[in-house]
């Protein structure tokens, strides 16, 4: 496994989250979750962001391991596998949870879109760094 690619992929996914839930869709996400800026500031940000980055590393390790299993692949194949993980596993899983928890379709769209972008960003890193 390429540890540099794994760390950069994890960082890419983490940055996507910062943009997605920040300036891009942060206000809409907070509204759908029923949160305010004050609510968000009350959390332990070191724990939240630190754990989030650690989990991004775990995702990048497993994606990197899976991609390494196939050997040399085209960029298209790498991206299909990366985005396919989000579309085939993560989006249906959160969709099921959101149905039972009665979360809005808008919230589902925001969160599902994030995971697709997250895995696309990581896949792109593996395309360029292997």
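At a glance:
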{"quantity": "Residue in segment 43-50 that is within 20 Å of residue 1 (Cα to Cα) and surrounded by 12 or more Cβ atoms within 10 Å (Cβ to Cβ) present", "calculated": "no"}
{"quantity": "Condition check for residue 80: buried (at least 19 other Cβ atoms within 10 Å of the Cβ), modelled with pLDDT of 95 or more and either in contact with a helix residue (DSSP H, G or I) (Cβ under 8 Å, 6 or more places away or on another chain) or in a helix (DSSP H, G or I) (or both)", "calculated": "no"}
{"quantity": "Selection count where residues are in contact with a helix residue (DSSP H, G or I) (Cβ under 8 Å, 6 or more places away or on another chain) and within 21 Å of residue 26 (Cβ to Cβ), scope segment 87-117", "calculated": "17"}
{"quantity": "Condition broken by residue 40, with the remaining ones in (1) surrounded by 14 or more Cβ atoms within 10 Å (Cβ to Cβ); (2) modelled with pLDDT under 95; (3) out of contact with any helix residue (DSSP H, G or I) (no Cβ under 9 Å at 6 or more places or on another chain) satisfied", "calculated": "(3)"}
{"quantity": "Any hit, segment 44-52, residues being at pLDDT below 95 and over 29 Å from residue 126 (Cα atoms)", "calculated": "yes"}
{"quantity": "All positions within segment 85-123 that are within 19 Å of residue 55 (Cα to Cα) and over 13 Å from the mean Cα position of the chain (by Cα)", "calculated": "93"}
{"quantity": "Residues of segment 20-37 that turn out to be under 16 Å from the mean Cα position of the chain (by Cα) and loosely packed, with under 14 Cβ neighbours inside 10 Å, as a count", "calculated": "1"}
{"quantity": "Selection status of residue 89, farther than 18 Å from residue 117 by Cβ and loosely packed, with under 15 Cβ neighbours inside 10 Å", "calculated": "no"}
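Conditions (1) in a helix (DSSP H, G or I); (2) without any contact (Cβ under 8 Å) to a residue 40 or more places away in the chain; (3) closer than 16 Å to residue 117 by Cα; (4) in contact with a helix residue (DSSP H, G or I) (Cβ under 8 Å, 6 or more places away or on another chain), marked per residue:
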| position | (1), (2), (3), (4) |
| --- | --- |
| 6 | yes, no, no, yes |
| 12 | yes, no, yes, yes |
| 18 | yes, yes, yes, no |
| 22 | yes, yes, yes, no |
| 31 | yes, yes, no, no |
| 54 | yes, yes, no, no |
| 59 | yes, no, yes, yes |
| 62 | yes, yes, no, no |
| 76 | yes, yes, yes, no |
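The values are calculated or read from the model by the stated rules, or taken from the named source; none is laboratory data. Being a predicted model, the structure only gives us computed values, none of them experimental. Because the Cβ atoms are built from the backbone with ideal geometry, glycine has one as well, and the counts that use them run over all protein chains shown.
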